[in-house]
Amino acid sequence: MGESKAEDLWTGDCERRRTPRDDVAGGQAHLLTLDVPVTVVQVGLGGFRIRTTFVFLVGSRHAFRFRLGDGSTIDVEAQVIHCLPHVTKGGAPVYLTGLEFVDTAEAGARTAAEDLVDDGDSQLLPP
């Protein structure tokens with residue numbers, strides 16, 4: 001993988017994406033399926049990208065909980081679209097995983113996605 005491709009993974013520049021994603025500085029969510037916190041790198045109307053130290057199976061579905069800046073929480077279900085290995089600048093192995101919201105046509109899921117995009121202060125929700 002060339003250097004520009006590695007940068008594309010980090011920044012999320014992707015021409016295939018149907019909706020743009022916004023970078024989330026220090027964003028966190030709780031992966032309910034495994035009861036662990038994950039780092040949210042980007043979020044958009046169609047899905048989000050996370051960084052973890054463990055791999056996800058492409059096609060698997062997982063439940064996540066986000067806490068918004070106003071203290072409210074949003075639970076969403078998302079399907080893994082891709083999971084790519086990466087090495088941080090410090091040499092640590094991580095996985096960048098792209099997830100697509102499940103049933104985004106439903107009003108509740110659409111509202112949740114819009115709230116996540118509009119709220120740049122997603123915080124970690126403790127278990």
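Any chance the range 17-39 includes a residue that's closer than 17 Å to LYS89 by Cβ, at pLDDT 70 or above, surrounded by 14 or more Cβ atoms within 10 Å (Cβ to Cβ) and in contact with a helix residue (DSSP H, G or I) (Cβ under 9 Å, 6 or more places away or on another chain)?
Among the residues of the range 17-39, not one is closer than 17 Å to LYS89 by Cβ, at pLDDT 70 or above, surrounded by 14 or more Cβ atoms within 10 Å (Cβ to Cβ) and in contact with a helix residue (DSSP H, G or I) (Cβ under 9 Å, 6 or more places away or on another chain), which makes the answer no.
Under 6 Å between Cβ atoms, which residue pairs at least 6 apart in sequence (or on different chains) link something in the range 87-107 that is surrounded by 10 or more Cβ atoms within 10 Å (Cβ to Cβ) with a partner that is of a type in the set (D, E, K, R) and at pLDDT 90 or above?
As it stands, the answer is VAL94/ARG51; LEU96/ARG51; GLY98/ARG49; VAL102/GLU77, since those pairs meet every condition given.
Of the residues in the range 35-59, how many are within 17 Å of VAL102 (Cβ to Cβ) and among the aromatic types (Phe, Trp, Tyr)?
Matching residues across the range 35-59 total 2.
Name the residue that is modelled with the lowest pLDDT, counting only residues in the range 45-83 that are surrounded by 14 or more Cβ atoms within 10 Å (Cβ to Cβ) and in a loop (DSSP other than H, G, I, E, B).
Result: LEU68.
Here is a list: HIS62, HIS30, HIS86. Which entry is within 13 Å of GLY98 (Cβ to Cβ) and within 13 Å of the chain's Cα centre (by Cα)?
From the options HIS62, HIS30, HIS86, the qualifying one is HIS62.
The values are calculated or read from the model by the stated rules, or taken from the named source; none is laboratory data. None of these values were measured; they are calculated from a predicted model. All Cβ positions, glycine included, derive from the backbone under ideal geometry; neighbour counts span all protein chains shown.
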